[in-house]
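The values are calculated or read from the model by the stated rules, or taken from the named source; none is laboratory data. The shown structure was predicted, so the numbers you read here are calculated from the model rather than taken from an experiment. FYI the Cβ positions are ideal-geometry reconstructions off the backbone, even for glycines, and counts take in every protein chain you see. When the accessible area is computed, the model is the full protein with side chains, heavy atoms only, and any ligands, DNA or RNA have been set aside. Shrake-Rupley method; radii C 1.70, N 1.55, O 1.52, S 1.80 Å.
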Amino acid sequence: MLEDNSIYHTRLQKLEQLKQLGFSPYPNTIKPTHTSKQILEVYNDKTHEELESITDTVSIAGRVTAIRGFGKAGFIVINDRAGKIQAYVQKNKMDEKEFSAFELLDTGDIVWIQGTPFKTKTGELTIRALKFNILNKTLAELPEKWHGLKDVEIRYRRRYVDLIVNQHVKQTFIARAKIIDAVRDFFKSHEFIEVETPMMHTIAGGASAKPFETYHNALNMPLYLRIAPELYLKRLIVGGMERIFEINRNFRNEGISTKHNPEFTMLEFYQAYATYEDLMKTTEDMFGYLLKRIGMNDEIEFNSRRINLISPFKRVTFYEALTTRTGLSLDGLKDKTIISKYASEHGLKVEQSSDVAGIQLEVFDKLVEDTLIDPTFVTQFPVEVSPLARRNDGKPEIADRFELYISGMEIANAFSELNDPVDQHKRFEQQVVDADEAVKEVDENYIDALRVGLPPTAGEGIGIDRLVMLLTNSSSIRDVILFPLLKKQE
(Lines give C-alpha, C1' and ligand atoms only; values in the text may rest on other atoms or scores of the structure.)
Protein backbone atom coordinates (compact mmCIF):
# COMPACT_ATOMS: atom_id res chain seq x y z
CA MET A 1 0.00 0.00 0.00
CA LEU A 2 2.43 2.62 -1.27
CA GLU A 3 0.93 6.08 -1.24
CA ASP A 4 3.85 7.90 -2.90
CA ASN A 5 5.67 6.14 -5.72
CA SER A 6 8.49 8.71 -5.73
CA ILE A 7 9.31 7.92 -2.07
CA TYR A 8 9.40 4.22 -2.91
CA HIS A 9 11.83 4.74 -5.80
CA THR A 10 14.00 7.14 -3.78
CA ARG A 11 14.36 4.57 -1.03
CA LEU A 12 15.10 1.85 -3.55
CA GLN A 13 17.96 3.99 -4.83
CA LYS A 14 19.28 4.40 -1.28
CA LEU A 15 19.09 0.64 -0.84
CA GLU A 16 21.26 0.21 -3.94
CA GLN A 17 23.73 2.76 -2.57
CA LEU A 18 24.00 0.73 0.64
CA LYS A 19 24.86 -2.33 -1.43
CA GLN A 20 27.48 -0.33 -3.33
CA LEU A 21 29.04 0.69 0.00
CA GLY A 22 29.45 -3.00 0.74
CA PHE A 23 26.59 -3.42 3.24
CA SER A 24 24.30 -6.43 3.15
CA PRO A 25 20.80 -5.05 2.46
CA TYR A 26 19.13 -7.32 5.04
CA PRO A 27 21.75 -8.61 7.54
CA ASN A 28 20.59 -11.30 9.93
CA THR A 29 23.39 -11.89 12.43
CA ILE A 30 23.71 -8.51 14.19
CA LYS A 31 22.26 -8.53 17.70
CA PRO A 32 21.81 -5.82 20.37
CA THR A 33 23.28 -6.22 23.85
CA HIS A 34 20.66 -4.09 25.60
CA THR A 35 17.14 -2.75 25.29
CA SER A 36 16.45 0.96 25.66
CA LYS A 37 14.90 0.31 29.07
CA GLN A 38 17.96 -1.57 30.31
CA ILE A 39 20.28 1.25 29.23
CA LEU A 40 18.12 3.86 30.94
CA GLU A 41 17.87 1.79 34.13
CA VAL A 42 21.66 1.41 34.38
CA TYR A 43 22.83 4.86 33.33
CA ASN A 44 20.03 7.41 33.67
CA ASP A 45 20.77 8.24 37.33
CA LYS A 46 24.46 8.88 36.70
CA THR A 47 25.86 12.41 36.40
CA HIS A 48 27.63 13.89 33.37
CA GLU A 49 30.95 13.41 35.10
CA GLU A 50 30.28 9.79 36.03
CA LEU A 51 29.29 8.97 32.48
CA GLU A 52 32.39 10.62 31.05
CA SER A 53 34.57 8.26 33.07
CA ILE A 54 32.67 5.16 31.91
CA THR A 55 34.16 3.17 29.05
CA ASP A 56 31.25 0.74 28.73
CA THR A 57 29.87 0.13 25.27
CA VAL A 58 26.26 -0.83 24.67
CA SER A 59 24.39 -1.70 21.50
CA ILE A 60 20.74 -1.32 20.66
CA ALA A 61 18.55 -2.20 17.67
CA GLY A 62 15.20 -0.75 16.71
CA ARG A 63 13.20 1.46 14.41
CA VAL A 64 14.17 5.09 13.79
CA THR A 65 11.18 7.32 14.55
CA ALA A 66 12.89 10.73 14.40
CA ILE A 67 15.98 12.30 12.80
CA ARG A 68 17.34 15.74 13.72
CA GLY A 69 20.26 17.30 11.89
CA PHE A 70 22.66 15.89 9.34
CA GLY A 71 25.87 17.23 7.87
CA LYS A 72 28.65 16.03 10.13
CA ALA A 73 26.37 15.03 13.02
CA GLY A 74 22.79 14.18 13.89
CA PHE A 75 20.45 12.88 16.57
CA ILE A 76 18.10 9.96 16.00
CA VAL A 77 15.43 8.40 18.19
CA ILE A 78 15.32 4.60 18.23
CA ASN A 79 12.24 2.67 19.36
CA ASP A 80 12.50 -0.95 20.47
CA ARG A 81 10.21 -3.36 22.32
CA ALA A 82 11.02 -1.73 25.69
CA GLY A 83 10.68 1.95 24.82
CA LYS A 84 12.89 4.52 23.11
CA ILE A 85 16.29 6.17 23.45
CA GLN A 86 18.23 8.86 21.65
CA ALA A 87 21.53 8.32 19.78
CA TYR A 88 24.08 10.88 18.59
CA VAL A 89 26.05 10.18 15.42
CA GLN A 90 29.23 12.16 14.55
CA LYS A 91 31.28 11.75 11.40
CA ASN A 92 34.61 11.90 13.22
CA LYS A 93 33.60 9.25 15.78
CA MET A 94 32.98 6.32 13.45
CA ASP A 95 34.13 4.52 10.34
CA GLU A 96 33.71 6.67 7.23
CA LYS A 97 31.78 3.98 5.38
CA GLU A 98 29.38 3.55 8.30
CA PHE A 99 28.76 7.30 8.42
CA SER A 100 28.01 7.18 4.67
CA ALA A 101 25.38 4.57 5.50
CA PHE A 102 24.00 6.87 8.20
CA GLU A 103 23.58 9.61 5.57
CA LEU A 104 21.21 7.29 3.70
CA LEU A 105 18.98 6.95 6.78
CA ASP A 106 15.22 7.64 6.71
CA THR A 107 12.61 7.52 9.45
CA GLY A 108 11.20 4.04 9.66
CA ASP A 109 14.52 2.30 8.98
CA ILE A 110 15.58 -0.41 11.40
CA VAL A 111 19.12 0.17 12.67
CA TRP A 112 21.80 -1.13 15.02
CA ILE A 113 24.03 1.23 16.97
CA GLN A 114 26.92 0.54 19.30
CA GLY A 115 28.36 3.28 21.49
CA THR A 116 28.88 4.79 24.91
CA PRO A 117 26.21 6.47 27.08
CA PHE A 118 26.42 10.19 27.85
CA LYS A 119 24.07 13.03 28.71
CA THR A 120 23.33 16.05 26.54
CA LYS A 121 23.30 19.62 27.85
CA THR A 122 19.58 19.19 28.54
CA GLY A 123 20.28 16.06 30.63
CA GLU A 124 18.89 13.48 28.19
CA LEU A 125 20.64 10.13 28.26
CA THR A 126 22.00 9.44 24.79
CA ILE A 127 24.18 6.86 23.06
CA ARG A 128 27.25 8.31 21.35
CA ALA A 129 27.51 6.10 18.27
CA LEU A 130 30.80 4.37 17.51
CA LYS A 131 29.41 1.78 15.12
CA PHE A 132 26.31 1.92 12.92
CA ASN A 133 24.44 -0.38 10.55
CA ILE A 134 21.11 -0.34 8.77
CA LEU A 135 19.38 -3.68 9.33
CA ASN A 136 16.37 -2.94 7.13
CA LYS A 137 16.11 -0.08 4.66
CA THR A 138 12.36 0.43 4.63
CA LEU A 139 10.71 1.25 1.31
CA ALA A 140 7.53 2.88 2.66
CA GLU A 141 7.25 6.15 4.55
CA LEU A 142 5.73 6.25 8.03
CA PRO A 143 2.86 8.73 8.40
CA GLU A 144 3.63 11.81 10.47
CA LYS A 145 0.06 12.01 11.74
CA TRP A 146 -2.33 9.12 12.16
CA HIS A 147 -5.72 10.38 13.18
CA GLY A 148 -9.18 11.31 12.00
CA LEU A 149 -12.30 9.30 11.21
CA LYS A 150 -11.10 8.46 7.71
CA ASP A 151 -7.93 6.91 9.09
CA VAL A 152 -9.67 4.55 11.53
CA GLU A 153 -10.14 1.78 8.96
CA ILE A 154 -6.63 2.35 7.58
CA ARG A 155 -5.27 1.91 11.11
CA TYR A 156 -7.00 -1.48 11.39
CA ARG A 157 -5.87 -2.60 7.93
CA ARG A 158 -2.28 -1.48 8.53
CA ARG A 159 -2.06 -2.40 12.18
CA TYR A 160 1.68 -2.92 11.75
CA VAL A 161 1.99 0.82 11.04
CA ASP A 162 -0.52 1.74 13.76
CA LEU A 163 1.62 -0.05 16.35
CA ILE A 164 4.72 1.85 15.22
CA VAL A 165 3.34 5.38 15.24
CA ASN A 166 0.76 5.12 18.05
CA GLN A 167 2.45 3.96 21.22
CA HIS A 168 -0.85 3.93 23.14
CA VAL A 169 -2.10 1.27 20.71
CA LYS A 170 0.89 -0.95 21.49
CA GLN A 171 0.28 -0.36 25.21
CA THR A 172 -3.33 -1.51 24.81
CA PHE A 173 -2.21 -4.84 23.41
CA ILE A 174 0.50 -5.22 26.02
CA ALA A 175 -2.24 -4.62 28.61
CA ARG A 176 -4.40 -7.22 26.87
CA ALA A 177 -1.64 -9.81 27.23
CA LYS A 178 -1.21 -8.96 30.91
CA ILE A 179 -4.96 -9.20 31.55
CA ILE A 180 -5.12 -12.66 29.96
CA ASP A 181 -2.07 -13.76 31.95
CA ALA A 182 -3.77 -12.55 35.13
CA VAL A 183 -7.01 -14.38 34.28
CA ARG A 184 -5.03 -17.59 33.80
CA ASP A 185 -3.18 -17.13 37.07
CA PHE A 186 -6.41 -16.42 38.95
CA PHE A 187 -8.06 -19.65 37.86
CA LYS A 188 -4.93 -21.74 38.29
CA SER A 189 -4.63 -20.41 41.84
CA HIS A 190 -8.16 -21.73 42.43
CA GLU A 191 -7.23 -25.24 41.24
CA PHE A 192 -8.74 -24.94 37.76
CA ILE A 193 -7.05 -26.82 34.93
CA GLU A 194 -6.66 -25.14 31.54
CA VAL A 195 -7.92 -27.28 28.64
CA GLU A 196 -8.38 -27.07 24.88
CA THR A 197 -11.47 -28.29 23.08
CA PRO A 198 -12.26 -28.61 19.34
CA MET A 199 -12.61 -25.55 17.13
CA MET A 200 -14.45 -27.54 14.44
CA HIS A 201 -17.74 -29.17 15.43
CA THR A 202 -19.92 -31.69 13.65
CA ILE A 203 -22.97 -30.07 15.25
CA ALA A 204 -23.17 -26.35 16.06
CA GLY A 205 -24.12 -25.96 19.70
CA GLY A 206 -23.46 -24.40 23.05
CA ALA A 207 -25.09 -21.06 22.18
CA SER A 208 -27.77 -19.55 19.99
CA ALA A 209 -25.87 -18.15 17.02
CA LYS A 210 -25.36 -18.67 13.30
CA PRO A 211 -22.20 -20.69 12.64
CA PHE A 212 -19.56 -20.47 9.94
CA GLU A 213 -19.74 -23.59 7.80
CA THR A 214 -16.81 -25.48 6.31
CA TYR A 215 -16.20 -28.93 4.85
CA HIS A 216 -13.75 -31.75 5.55
CA ASN A 217 -12.82 -33.35 2.23
CA ALA A 218 -11.19 -36.52 3.56
CA LEU A 219 -14.11 -37.34 5.86
CA ASN A 220 -16.66 -36.09 3.33
CA MET A 221 -18.64 -34.20 5.96
CA PRO A 222 -19.70 -30.64 6.83
CA LEU A 223 -18.19 -28.99 9.89
CA TYR A 224 -18.89 -25.78 11.79
CA LEU A 225 -16.45 -23.38 13.41
CA ARG A 226 -17.44 -23.40 17.03
CA ILE A 227 -19.85 -20.82 18.37
CA ALA A 228 -19.08 -21.90 21.96
CA PRO A 229 -17.01 -24.61 23.71
CA GLU A 230 -19.64 -25.25 26.37
CA LEU A 231 -20.83 -28.74 25.47
CA TYR A 232 -17.30 -30.12 25.17
CA LEU A 233 -16.23 -28.54 28.45
CA LYS A 234 -19.16 -30.11 30.26
CA ARG A 235 -18.22 -33.49 28.76
CA LEU A 236 -14.91 -33.04 30.62
CA ILE A 237 -16.76 -32.39 33.89
CA VAL A 238 -18.59 -35.68 33.29
CA GLY A 239 -15.14 -37.26 32.88
CA GLY A 240 -14.09 -36.12 36.34
CA MET A 241 -12.18 -32.91 35.54
CA GLU A 242 -14.09 -30.98 38.17
CA ARG A 243 -12.58 -27.49 37.67
CA ILE A 244 -11.62 -26.46 34.14
CA PHE A 245 -11.26 -23.34 32.03
CA GLU A 246 -10.49 -22.48 28.42
CA ILE A 247 -9.41 -19.21 26.79
CA ASN A 248 -9.89 -19.49 23.07
CA ARG A 249 -11.70 -18.29 19.97
CA ASN A 250 -15.37 -18.49 19.07
CA PHE A 251 -16.82 -17.74 15.64
CA ARG A 252 -20.29 -16.38 14.90
CA ASN A 253 -21.52 -15.59 11.43
CA GLU A 254 -23.39 -12.48 12.49
CA GLY A 255 -23.17 -8.70 12.50
CA ILE A 256 -20.23 -6.42 13.27
CA SER A 257 -20.44 -3.52 15.73
CA THR A 258 -18.38 -1.77 18.38
CA LYS A 259 -19.17 -4.75 20.63
CA HIS A 260 -19.14 -7.60 18.10
CA ASN A 261 -16.52 -9.18 15.87
CA PRO A 262 -17.23 -12.47 14.05
CA GLU A 263 -14.06 -13.95 15.58
CA PHE A 264 -13.64 -13.26 19.28
CA THR A 265 -11.95 -14.59 22.41
CA MET A 266 -13.88 -16.15 25.28
CA LEU A 267 -13.04 -17.41 28.71
CA GLU A 268 -15.28 -20.28 29.80
CA PHE A 269 -14.90 -21.99 33.16
CA TYR A 270 -16.84 -24.78 34.84
CA GLN A 271 -16.88 -25.92 38.44
CA ALA A 272 -18.46 -29.07 39.80
CA TYR A 273 -20.43 -28.85 43.06
CA ALA A 274 -21.04 -25.14 42.62
CA THR A 275 -24.06 -22.99 41.76
CA TYR A 276 -24.46 -19.85 39.69
CA GLU A 277 -24.47 -17.89 42.97
CA ASP A 278 -21.00 -19.25 43.75
CA LEU A 279 -19.83 -17.98 40.36
CA MET A 280 -21.05 -14.46 41.15
CA LYS A 281 -18.59 -14.43 44.05
CA THR A 282 -15.87 -15.92 41.84
CA THR A 283 -16.47 -13.21 39.25
CA GLU A 284 -16.25 -10.43 41.83
CA ASP A 285 -13.05 -11.97 43.20
CA MET A 286 -11.60 -12.22 39.70
CA PHE A 287 -12.18 -8.52 39.06
CA GLY A 288 -10.51 -7.62 42.35
CA TYR A 289 -7.53 -9.82 41.45
CA LEU A 290 -7.24 -8.35 37.93
CA LEU A 291 -7.32 -4.75 39.12
CA LYS A 292 -4.61 -5.45 41.67
CA ARG A 293 -2.42 -7.36 39.19
CA ILE A 294 -2.52 -4.68 36.49
CA GLY A 295 -2.20 -1.79 38.94
CA MET A 296 -5.64 -0.22 38.58
CA ASN A 297 -7.92 1.34 41.18
CA ASP A 298 -11.38 0.03 42.00
CA GLU A 299 -12.84 3.01 40.16
CA ILE A 300 -12.13 3.05 36.43
CA GLU A 301 -13.07 5.26 33.51
CA PHE A 302 -14.86 3.79 30.51
CA ASN A 303 -16.65 5.67 27.74
CA SER A 304 -16.41 8.96 29.73
CA ARG A 305 -18.05 7.36 32.77
CA ARG A 306 -16.60 6.62 36.20
CA ILE A 307 -17.40 3.02 37.13
CA ASN A 308 -16.87 1.54 40.58
CA LEU A 309 -15.79 -2.10 40.51
CA ILE A 310 -15.81 -2.63 44.27
CA SER A 311 -17.70 -5.79 45.20
CA PRO A 312 -20.34 -6.82 45.94
CA PHE A 313 -21.90 -5.91 42.60
CA LYS A 314 -25.54 -4.92 42.32
CA ARG A 315 -28.07 -7.71 41.76
CA VAL A 316 -31.44 -7.44 40.05
CA THR A 317 -33.76 -10.03 38.51
CA PHE A 318 -34.57 -10.08 34.81
CA TYR A 319 -38.18 -9.08 35.49
CA GLU A 320 -37.23 -6.36 37.98
CA ALA A 321 -34.98 -4.80 35.34
CA LEU A 322 -37.75 -4.97 32.72
CA THR A 323 -40.35 -3.51 35.09
CA THR A 324 -38.07 -0.62 36.05
CA ARG A 325 -37.36 0.26 32.41
CA THR A 326 -40.79 -0.31 30.86
CA GLY A 327 -43.14 0.62 33.69
CA LEU A 328 -45.15 -2.52 32.92
CA SER A 329 -46.36 -4.79 35.70
CA LEU A 330 -45.15 -8.38 35.93
CA ASP A 331 -48.51 -9.52 34.56
CA GLY A 332 -48.15 -7.07 31.69
CA LEU A 333 -44.67 -8.34 30.87
CA LYS A 334 -46.04 -11.89 30.69
CA ASP A 335 -49.00 -10.94 28.49
CA LYS A 336 -48.00 -11.41 24.84
CA THR A 337 -50.41 -8.77 23.56
CA ILE A 338 -49.21 -6.12 26.02
CA ILE A 339 -45.48 -6.80 25.68
CA SER A 340 -45.76 -7.05 21.87
CA LYS A 341 -47.52 -3.68 21.73
CA TYR A 342 -44.87 -2.12 23.97
CA ALA A 343 -42.08 -3.51 21.81
CA SER A 344 -43.70 -2.25 18.58
CA GLU A 345 -44.29 1.22 20.05
CA HIS A 346 -40.54 1.39 20.82
CA GLY A 347 -39.44 0.44 17.33
CA LEU A 348 -38.69 -3.22 17.95
CA LYS A 349 -39.57 -5.81 15.35
CA VAL A 350 -41.75 -8.57 16.81
CA GLU A 351 -42.39 -11.77 14.88
CA GLN A 352 -45.86 -13.23 15.25
CA SER A 353 -44.27 -16.61 15.94
CA SER A 354 -42.18 -15.27 18.82
CA ASP A 355 -43.04 -16.56 22.25
CA VAL A 356 -43.46 -14.20 25.21
CA ALA A 357 -40.00 -14.93 26.62
CA GLY A 358 -38.41 -14.18 23.24
CA ILE A 359 -40.16 -10.79 23.11
CA GLN A 360 -39.16 -10.04 26.70
CA LEU A 361 -35.55 -10.81 25.82
CA GLU A 362 -35.70 -8.54 22.77
CA VAL A 363 -37.01 -5.67 24.91
CA PHE A 364 -34.31 -6.36 27.48
CA ASP A 365 -31.52 -6.46 24.89
CA LYS A 366 -32.58 -3.30 23.09
CA LEU A 367 -33.95 -1.14 25.90
CA VAL A 368 -32.59 -2.34 29.24
CA GLU A 369 -28.94 -3.27 28.65
CA ASP A 370 -27.76 0.28 27.99
CA THR A 371 -29.16 1.45 31.35
CA LEU A 372 -27.05 -1.00 33.39
CA ILE A 373 -23.98 1.15 34.03
CA ASP A 374 -22.61 0.05 37.40
CA PRO A 375 -21.64 -3.64 37.61
CA THR A 376 -24.95 -5.49 37.77
CA PHE A 377 -25.77 -9.18 37.94
CA VAL A 378 -29.11 -9.76 36.18
CA THR A 379 -30.58 -13.04 37.45
CA GLN A 380 -33.57 -15.37 36.92
CA PHE A 381 -33.99 -15.41 33.15
CA PRO A 382 -36.92 -17.34 31.63
CA VAL A 383 -36.16 -21.01 30.96
CA GLU A 384 -37.29 -20.60 27.33
CA VAL A 385 -34.28 -18.37 26.57
CA SER A 386 -31.89 -20.46 28.70
CA PRO A 387 -31.81 -23.87 26.99
CA LEU A 388 -28.71 -25.17 28.80
CA ALA A 389 -29.47 -23.78 32.27
CA ARG A 390 -30.94 -25.59 35.26
CA ARG A 391 -34.51 -24.81 36.30
CA ASN A 392 -34.95 -23.09 39.64
CA ASP A 393 -36.31 -25.50 42.24
CA GLY A 394 -38.88 -23.07 43.63
CA LYS A 395 -39.81 -21.40 40.32
CA PRO A 396 -39.40 -23.93 37.48
CA GLU A 397 -40.32 -21.31 34.86
CA ILE A 398 -37.06 -19.44 35.50
CA ALA A 399 -33.44 -20.55 35.19
CA ASP A 400 -30.67 -20.38 37.76
CA ARG A 401 -28.72 -17.99 35.60
CA PHE A 402 -27.12 -14.55 35.59
CA GLU A 403 -25.60 -12.13 33.13
CA LEU A 404 -23.14 -9.45 34.23
CA TYR A 405 -23.47 -5.98 32.73
CA ILE A 406 -21.04 -3.09 33.08
CA SER A 407 -21.52 0.25 31.33
CA GLY A 408 -24.38 -1.15 29.26
CA MET A 409 -22.26 -4.04 27.96
CA GLU A 410 -22.73 -7.74 28.64
CA ILE A 411 -19.49 -9.04 30.15
CA ALA A 412 -20.46 -12.49 31.38
CA ASN A 413 -23.15 -15.16 31.13
CA ALA A 414 -23.40 -17.95 33.69
CA PHE A 415 -25.75 -20.54 35.09
CA SER A 416 -26.15 -23.65 37.12
CA GLU A 417 -25.91 -26.33 34.47
CA LEU A 418 -28.83 -28.48 33.40
CA ASN A 419 -27.76 -32.05 34.17
CA ASP A 420 -31.10 -33.80 33.67
CA PRO A 421 -30.67 -35.71 30.38
CA VAL A 422 -34.41 -36.09 29.82
CA ASP A 423 -35.13 -32.38 30.28
CA GLN A 424 -32.10 -31.45 28.14
CA HIS A 425 -33.20 -33.77 25.32
CA LYS A 426 -36.66 -32.18 25.30
CA ARG A 427 -35.14 -28.68 25.17
CA PHE A 428 -32.82 -29.66 22.32
CA GLU A 429 -35.78 -31.08 20.41
CA GLN A 430 -37.68 -27.82 20.94
CA GLN A 431 -34.64 -25.88 19.70
CA VAL A 432 -34.69 -27.97 16.52
CA VAL A 433 -38.36 -27.14 16.02
CA ASP A 434 -37.79 -23.43 16.65
CA ALA A 435 -34.52 -23.12 14.72
CA ASP A 436 -34.44 -20.90 11.64
CA GLU A 437 -30.87 -21.83 10.74
CA ALA A 438 -29.58 -24.67 8.57
CA VAL A 439 -28.34 -26.65 11.56
CA LYS A 440 -31.22 -28.64 13.02
CA GLU A 441 -29.90 -31.61 14.91
CA VAL A 442 -29.92 -32.83 18.50
CA ASP A 443 -26.43 -33.49 19.89
CA GLU A 444 -27.05 -37.08 20.92
CA ASN A 445 -23.43 -37.55 22.01
CA TYR A 446 -23.84 -34.77 24.57
CA ILE A 447 -27.09 -36.34 25.78
CA ASP A 448 -25.17 -39.61 26.17
CA ALA A 449 -22.62 -37.75 28.32
CA LEU A 450 -25.43 -36.44 30.55
CA ARG A 451 -26.75 -39.99 30.90
CA VAL A 452 -23.31 -41.05 32.15
CA GLY A 453 -23.77 -38.33 34.77
CA LEU A 454 -22.88 -34.63 35.07
CA PRO A 455 -22.42 -33.71 38.73
CA PRO A 456 -24.03 -30.50 40.03
CA THR A 457 -22.07 -27.89 38.08
CA ALA A 458 -22.00 -24.18 37.33
CA GLY A 459 -20.34 -22.59 34.32
CA GLU A 460 -19.62 -19.12 33.04
CA GLY A 461 -18.44 -17.41 29.88
CA ILE A 462 -16.66 -14.04 29.92
CA GLY A 463 -15.90 -12.09 26.77
CA ILE A 464 -12.15 -11.41 26.92
CA ASP A 465 -12.31 -8.71 24.25
CA ARG A 466 -15.00 -6.81 26.14
CA LEU A 467 -13.12 -7.26 29.40
CA VAL A 468 -10.04 -5.73 27.76
CA MET A 469 -12.17 -2.90 26.34
CA LEU A 470 -13.40 -2.14 29.84
CA LEU A 471 -9.98 -2.22 31.52
CA THR A 472 -8.19 -0.22 28.79
CA ASN A 473 -11.00 2.32 28.22
CA SER A 474 -11.36 1.30 24.57
CA SER A 475 -14.70 2.21 23.01
CA SER A 476 -14.63 -0.34 20.17
CA ILE A 477 -13.88 -4.05 20.12
CA ARG A 478 -11.73 -3.39 17.05
CA ASP A 479 -9.36 -1.39 19.22
CA VAL A 480 -8.53 -4.48 21.31
CA ILE A 481 -8.31 -7.05 18.49
CA LEU A 482 -5.03 -6.85 16.61
CA PHE A 483 -6.53 -7.69 13.24
CA PRO A 484 -10.32 -7.23 13.29
CA LEU A 485 -12.31 -8.56 10.36
CA LEU A 486 -12.78 -5.97 7.59
CA LYS A 487 -14.36 -6.06 4.17
CA LYS A 488 -11.92 -6.85 1.41
CA GLN A 489 -10.71 -3.70 -0.32
CA GLU A 490 -11.82 -3.22 -3.89
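Below, the figures for the structure above:
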| read-out | value |
| --- | --- |
| Number of positions in segment 198-248 that are within 17 Å of TYR270 (Cα to Cα) and in a strand (DSSP E or B) | 6 |
| Members of segment 333-379 found to be surrounded by fewer than 13 Cβ atoms within 10 Å (Cβ to Cβ) and outside any loop (DSSP other than H, G, I, E, B), listed by number | THR337, SER344, GLU345, ASP365, THR371 |
| Residues (open to solvent by less than 40 Å² (accessible area, probe 1.4 Å) and within 9 Å of the chain's Cα centre (by Cα)) located in segment 467-478 | LEU467, VAL468, MET469, ILE477 |
| Index of the failed condition, GLY327 passing every other in (1) small (Gly, Ala, Ser); (2) open to solvent by less than 20 Å² (accessible area, probe 1.4 Å); (3) farther than 28 Å from GLN430 by Cα | (2) |
| Residue under evaluation TYR270, criteria (1) assigned to a loop (DSSP other than H, G, I, E, B); (2) crowded, with 20+ Cβ neighbours inside 10 Å, criterion not met | (1) |
| Selection status of PHE402, surrounded by 14 or more Cβ atoms within 10 Å (Cβ to Cβ) and over 22 Å from TYR319 (Cβ atoms) | no |
| Check on THR283, open to solvent by 20 Å² or more (accessible area, probe 1.4 Å), under 21 Å from PHE364 (Cβ atoms) and assigned to a helix (DSSP H, G or I) | no |
| Leading residue by the ranking (surrounded by the fewest Cβ atoms within 10 Å (Cβ to Cβ)) among those in segment 117-138 that are more than 40 Å from the chain's Cα centre (by Cα) and not charged (D, E, K, R) | THR122 |
| Test set (1) closer than 30 Å to GLY240 by Cα; (2) open to solvent by 60 Å² or more (accessible area, probe 1.4 Å); (3) of a type outside the set (D, E, K, R) - THR197 fails condition number | (2) |
| Pairs with Cβ under 8 Å, 6+ apart, first in segment 442-462 and closer than 14 Å to GLU417 by Cβ and outside any helix (DSSP H, G or I), second β-branched (Val, Ile, Thr) and open to solvent by less than 10 Å² (accessible area, probe 1.4 Å) | LEU454/ILE237; PRO455/ILE237; THR457/ILE237; GLU460/THR283 |
| Single residue of GLY108, GLY83 found to be surrounded by 16 or more Cβ atoms within 10 Å (Cβ to Cβ), in contact (Cβ under 8 Å) with a residue 24 or more places away in the chain and among the small types (Gly, Ala, Ser) | GLY108 |
| Hits in segment 304-324 (condition: part of a helix (DSSP H, G or I) and either open to solvent by 30 Å² or more (accessible area, probe 1.4 Å) or touching a Cys at 6+ places or on another chain (Cβ under 9 Å) (or both)) | TYR319, GLU320, THR323, THR324 |
| Residues being in contact with a helix residue (DSSP H, G or I) (Cβ under 9 Å, 6 or more places away or on another chain) and among the acidic types (Asp, Glu) - total across segment 274-288 | 1 |
| Any hit, segment 166-189, residues being open to solvent by less than 60 Å² (accessible area, probe 1.4 Å), among the charged types (D, E, K, R) and either at negative phi or within 21 Å of the chain's Cα centre (by Cα) (or both) | yes |
| Number of the exception - ARG235 against (1) open to solvent by less than 20 Å² (accessible area, probe 1.4 Å); (2) over 29 Å from GLY408 (Cα atoms) | (1) |
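Every residue, every condition in (1) surrounded by fewer than 16 Cβ atoms within 10 Å (Cβ to Cβ); (2) out of contact with any Cys (no Cβ under 6 Å at 6 or more places or on another chain); (3) within 27 Å of LEU279 (Cα to Cα), yes or no:
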| residue | (1), (2), (3) |
| --- | --- |
| ASP448 | yes, yes, yes |
| ILE462 | no, yes, yes |
| VAL480 | no, yes, yes |
| GLN489 | yes, yes, no |
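Listed here are the residues, each with its yes/no results for (1) free of Cβ contacts under 8 Å to residues at least 60 places away in the same chain; (2) open to solvent by 30 Å² or more (accessible area, probe 1.4 Å); (3) among the acidic types (Asp, Glu); (4) under 12 Å from ILE113 (Cβ atoms).
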{"residue": "GLU50", "(1), (2), (3), (4)": "yes, yes, yes, no"}
{"residue": "SER53", "(1), (2), (3), (4)": "yes, yes, no, no"}
{"residue": "ILE60", "(1), (2), (3), (4)": "no, no, no, yes"}
{"residue": "THR65", "(1), (2), (3), (4)": "no, yes, no, no"}
{"residue": "GLY71", "(1), (2), (3), (4)": "yes, yes, no, no"}
{"residue": "ASN79", "(1), (2), (3), (4)": "no, no, no, no"}
{"residue": "ALA87", "(1), (2), (3), (4)": "yes, no, no, yes"}
